[in-house]
């Protein structure tokens with residue numbers, strides 16, 4: 001039965017090695033447009049561009065799978081423009097693999113702009129206030145128009161700290177919508193993932209995972225985390241949920257995260273990640289290093305001619321000083337966002353490479369030490 | 001005498017061919033860091049970065065000489081930071097040739113923030129209001145710290161439409177400051193250019209050129225144009241002034257311009273140009289084509305899947321549609337500024353290549369036809 005499903009799947013996922021010291025797994029994820037090693041991090045191109053970073057840079061950094069947002073593209077540029085370009089790949093000039101989220105998270109984060117029913121969700125555009133109805137069928141249909149390698153089901157994503165009743169309703173509706181999503185599939189070259197909800201409630205998490213894992217999705221995601229709770233609450237919940245997901249299918253933790261969040265989730269057995277953080281914090285002048293975050297606007301970097309991260313081989317660290325990056329940041333130059341974003345995405349690419357090497361070498365626990373200070377601010 | 005001066009010059013300028021149908025000349029300008037063919041266009045990196053465009057992109061487009069601004073760098077990051085990086089080249093990671101302007105234009109454009117005396121100019125920083133005094137000696141000294149291949153003398157640059165009395169004073173002071181600049185020189189690896197003023201007054205232009213051409217500058221610039229007058233006033237004045245400048249030295253028209261302005265000035269015998277326009281209009285959504293300017297925000301490009309310029313070989317036109325560029329512009333994405341700027345600088349690089357080819361082929365008048373519509377808005 002499982003083999004049957006797998007052989008029909010538009011994706012091919014192989015676990016190549018399991019870590020001896022944790023549940024971390026090294027794998028390979030073959031999608032319609034590209035094959036990527038796992039664990040994998042997906043840069044986010046919300047509006048059909050990874051903010052500040054060119055396609056050529058993403059290629060050079062080795063990224064083979066990026067995420068884009070159904071909700072945003074549905075509103076702008078809209079379906080007719082996407083169709084004119086035969087889908088999102090051609091539109092944004094990205095020939096490798098793409099995952100599109102379902103819009104569930106964005107629709108929920110609109111707060112009072114949306115209204116939830118069993119059928120779906122109605123919401124008002126954040127751009128011009130136009131009213132839209134989004135259903136599981138419509139979310140998948142539009143993702144089929146986008147032509148992403150992986151589509152996500154429309155889910156209901158409350159804050160992780162919501163009341164149990166709201167979390168229960170989210171779980172139940174997400175399950176109903178999961179079945180409707182699978183029934184609506186028409187493309188054989190697009191994988192579809194189901195999403196597990198349940199907030200920080202272990203019973204709900206277990207119950208939802210048990211129901212969802214029976215459904216013939218090509219992979220599963222942990223949703224409803226990184227939406228209000230801190231890492232000390234998130235990490236145990238990932239630890240609890242990941243093993244409840246099918247071993248033979250890719251496991252994706254949505255919207256996560258900082259380097260240490262990713263390492264913790266990898267140790268729990270998660271394979272895929274996405275997060276806007278590396279490019280967003282870059283635009284605010286934060287540069288990642290293993291030894292801590294550099295907030296480039298700080299006065300002490302004015303006369304610092306060292307590279308941001310002396311260990312880093314990225315084109316920014318190879319060619320520019322902290323003083324230069326501070327100067328263009330303070331001067332309000334576009335190039336500050338560009339160079340900081342390239343550095344941070346390079347840092348994440350290296351992090352994922354080191355994670356995969358550590359799994360292969362059964363040395364994953366050393367990762368926690370290596371990145372222990374990565375969340376703090378660099379003090380030298 | 002002239003040969004003597006030339007052999008000591010930090011630059012080597014050779015006129016390789018003179019057009020039979022105009023005063024246009026094809027040349028080669030060998031500077032301390034790089035050799036460029038002329039006529040040459042210099043992208044502007046006001047604050048030590050060409051806005052939105054990476055050094056690698058400038059290299060790929062073939063740019064070998066860019067301009068940066070003394071005034072801005074003097075205020076921020078300041079001399080200590082530049083010295084820490086051994087000059088501007090290392091600071092901004094640009095290993096080809098650099099020209100720095102003197103700050104004269106910026107100081108003047110500050111309006112009531114500056115006060116002019118025979119000695120120099122006092123002005124208040126546009127950043128924090130701090131009061132500075134700038135003299136010809138200080139302007140050159142700081143450019144020697146910057147280590148540019150070509151330094152410009154501090155000049156007095158009134159609007160071209162100023163009263164004759166103001167224009168006369170600008171001419172006289174600029175001449176005095178020219179002599180002081182030459183006396184202040186200490187670097188043998190940096191060329192220094194004098195600047196011709198005189199506004200739109202032919203008598204003053206002729207008088208100033210006659211005095212200035214006696215001074216042992218490595219090249220001369222036409223200043224005081226493109227500061228308030230239209231092309232119909234500027235073109236004849238360039239036509240009048242260029243032949244009054246030494247034939248054997250490079251001639252630079254400061255702050256110009258649009259493609260047709262450049263072509264007209266080349267026909268008058270000008271060799272060097274700089275302008276913020278290609279990157280500035282790019283950030284406002286304007287894309288150059290020979291057939292006219294595309295204002296990408298216009299609704300009619302929403303469903304237009306053609307490249308911006310079907311004739312163009314740039315990486316933007318090769319990979320993106322007008323609809324995509326409109327989408328990211330409307331969405332306020334950084335990438336809109338980046339891609340539009342690359343396209344426009346590529347367009348200027350091609351323009352200069354075509355100009356040089358036309359001179360070599362004695363076919364320069366055809367350039368005026370080829371670019372006749374380049375200033376209008378594209379209507380298809």
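The values are calculated or read from the model by the stated rules, or taken from the named source; none is laboratory data. Every value quoted in this text rests on a predicted model; they were computed, and no experiment measured them. Neighbour counts are summed over all protein chains in view; Cβ atoms, including those assigned to glycine, are modelled from backbone coordinates with ideal geometry.
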Which of the residues spanning the range A:105-122 are out of contact with any strand residue (DSSP E or B) (no Cβ under 6 Å at 6 or more places or on another chain) and closer than 23 Å to residue B:328 by Cα? A:105, A:106, A:109
For the structure I just gave you, tell me whether residue A:160 is in a loop (DSSP other than H, G, I, E, B), in the same structural domain as residue A:207 (by TED's automatic domain parsing), surrounded by 17 or more Cβ atoms within 10 Å (Cβ to Cβ) and at pLDDT 95 or above. no
Given the conditions (1) free of Cβ contacts under 8 Å to residues at least 60 places away in the same chain; (2) not in a loop (DSSP other than H, G, I, E, B), report the number of the one that residue A:37 does not fulfil. (1)
Considering every residue within the range A:139-146, establish whether at least one is assigned to a loop (DSSP other than H, G, I, E, B), in contact (Cβ under 8 Å) with a residue 12 or more places away in the chain and touching a helix residue (DSSP H, G or I) at 6+ places or on another chain (Cβ under 6 Å). no
Taking the condition of being touching a residue at least 40 places away in the same chain (Cβ under 8 Å), surrounded by fewer than 18 Cβ atoms within 10 Å (Cβ to Cβ) and not in a loop (DSSP other than H, G, I, E, B), how many residues in the range B:19-34 meet it? 0
Can you give me the number of residues within the range A:106-134 that are closer than 16 Å to residue A:181 by Cα and either under 22 Å from the mean Cα position of the chain (by Cα) or touching a residue at least 60 places away in the same chain (Cβ under 8 Å) (or both)? 1
In the range B:237-244, is there at least one residue being closer than 17 Å to residue B:321 by Cα and at pLDDT 95 or above? no
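Quick check on my filter: what residues within the range B:293-313 are in contact (Cβ under 8 Å) with a residue 40 or more places away in the chain and either within 12 Å of chain A (Cβ to nearest Cβ) or within 22 Å of the chain's Cα centre (by Cα) (or both)? Outline the logic, then answer.
We begin by selecting, within the range B:293-313, every residue in contact (Cβ under 8 Å) with a residue 40 or more places away in the chain; these are B:293-296.
Result: B:293, single match.
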Residue in the range A:329-348 that is surrounded by 24 or more Cβ atoms within 10 Å (Cβ to Cβ), under 18 Å from residue A:22 (Cα atoms) and within 21 Å of the chain's Cα centre (by Cα) present: no
Please state which of the following conditions residue A:5 fails to meet, knowing it meets all the rest: (1) modelled with pLDDT under 95; (2) under 30 Å from residue A:337 (Cβ atoms); (3) away from chain B (no Cβ under 14 Å). (2)
For the range A:309-361, name all the residues that are in a helix (DSSP H, G or I) and closer than 16 Å to residue B:77 by Cβ. A:322, A:323, A:324, A:325, A:326, A:327, A:328, A:329, A:330, A:335, A:336, A:339
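If we scan the range B:144-151, do we find a residue that is buried (at least 21 other Cβ atoms within 10 Å of the Cβ) and within 14 Å of chain A (Cβ to nearest Cβ)? So that I can check it myself, show each step before the final result.
Applying the first criterion (buried (at least 21 other Cβ atoms within 10 Å of the Cβ)) to the range B:144-151 yields B:146-151.
Narrowing further to those that are within 14 Å of chain A (Cβ to nearest Cβ): B:146.
There is at least one residue in the range B:144-151 that is buried (at least 21 other Cβ atoms within 10 Å of the Cβ) and within 14 Å of chain A (Cβ to nearest Cβ).
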In the list B:306, B:375, which residue meets the criterion of being in a loop (DSSP other than H, G, I, E, B), at pLDDT below 95, surrounded by fewer than 23 Cβ atoms within 10 Å (Cβ to Cβ) and in contact with a helix residue (DSSP H, G or I) (Cβ under 9 Å, 6 or more places away or on another chain)? B:375
Need pairs with beta-carbon distance below 6 Å; first residue without any contact (Cβ under 8 Å) to a residue 40 or more places away in the chain and outside the structural domain of residue A:214 (by TED's automatic domain parsing) and within the range A:167-181, second assigned to a helix (DSSP H, G or I) and surrounded by 22 or more Cβ atoms within 10 Å (Cβ to Cβ); sequence gap 6+ or separate chains. none
Of the conditions (1) within 15 Å of residue B:138 (Cβ to Cβ); (2) outside any loop (DSSP other than H, G, I, E, B), the single one that residue B:168 does not satisfy is (1)
Residues (in contact (Cβ under 8 Å) with a residue 12 or more places away in the chain and touching a helix residue (DSSP H, G or I) at 6+ places or on another chain (Cβ under 7 Å)) located in the range B:316-326: B:316, B:317, B:320, B:322, B:323, B:325, B:326
Is one or more of the residues making up the range A:275-291 within 14 Å of another protein chain (Cβ to nearest Cβ) and not in a helix (DSSP H, G or I)? yes
Filter the range A:56-93 down to residues that are in a loop (DSSP other than H, G, I, E, B), closer than 22 Å to residue A:189 by Cβ and more than 10 Å from chain B (Cβ to nearest Cβ) and give me whichever is farthest from the chain's Cα centre (by Cα). A:87
Answer yes if at least one residue in the range B:106-120 is modelled with pLDDT under 95, under 21 Å from residue B:257 (Cβ atoms) and exposed (fewer than 15 other Cβ atoms within 10 Å of the Cβ), and no otherwise. yes
Here are some residues: A:55, A:50, A:44, A:15. Which one is crowded, with 17+ Cβ neighbours inside 10 Å, in contact with a strand residue (DSSP E or B) (Cβ under 7 Å, 6 or more places away or on another chain), modelled with pLDDT of 95 or more and over 15 Å from residue A:151 (Cα atoms)? A:50
